[in-house]
Amino acid sequence: MALLSPGVVTSSILSFGHAIRRRRESRNLGLRALARATSLSPSYLSRIERDHVPPPTVGVIGRLAEALEADTEDLLAAAGIVPDRVLSFIRSRPSVAVPLITMLGTLTDDELSEMFGELRRRAPAWNDAVDDRSGVLCAPFLKQ
């Protein structure tokens with residue numbers, strides 16, 4: 001998944017379970033502590049982390065994001081769920097969205113980082129489009 005952060009683009013394809021485990025461990029949270037914080041059972045969380053069950057519902061992903069202090073949309077993407085605001089943009093402007101997404105998919109991480117850096121330099125409005133909590137860069141036309 002590509003994380004579009006100010007000046008940084010990373011591509012690491014992690015399973016949903018691996019993403020949850022990595023985030024939990026980076027926060028120094030035990031499985032039981034995360035279970036208490038999300039009202040989920042430790043055994044269910046363990047099955048999620050080991051990818052023995054499909055990614056949970058959007059609501060559960062939201063509770064996990066809150067407990068892990070993670071960006072909900074990052075976890076949704078890891079679960080293979082496209083956020084409504086992105087789908088809305090694609091549906092409302094397919095002649096722009098589809099070629100843009102196709103083109104972006106051909107760029108390297110360095111090229112994406114350079115492109116977003118240049119966009120931020122040229123368009124100050126993009127500087128206001130950074131989610132302060134997550135640091136994720138969101139194009140203003142995608143914000144609701």
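The values are calculated or read from the model by the stated rules, or taken from the named source; none is laboratory data. All values reported here derive from a predicted model rather than from experimental measurement. Please note: Cβ atoms are built from the backbone with ideal geometry, for glycine as well, and neighbour counts cover all protein chains shown.
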> Take the residues of the stretch 17-35 that are modelled with pLDDT of 95 or more and either among the hydrophobic types (A, V, I, L, M, F, W, C) or assigned by TED's automatic domain parsing to the domain that holds LEU112 (or both): which is surrounded by the fewest Cβ atoms within 10 Å (Cβ to Cβ)?
Replying inline: ALA33
>> Quick check on GLY117: is it exposed (fewer than 13 other Cβ atoms within 10 Å of the Cβ) and not assigned by TED's automatic domain parsing to the domain that holds SER39?
In response: no
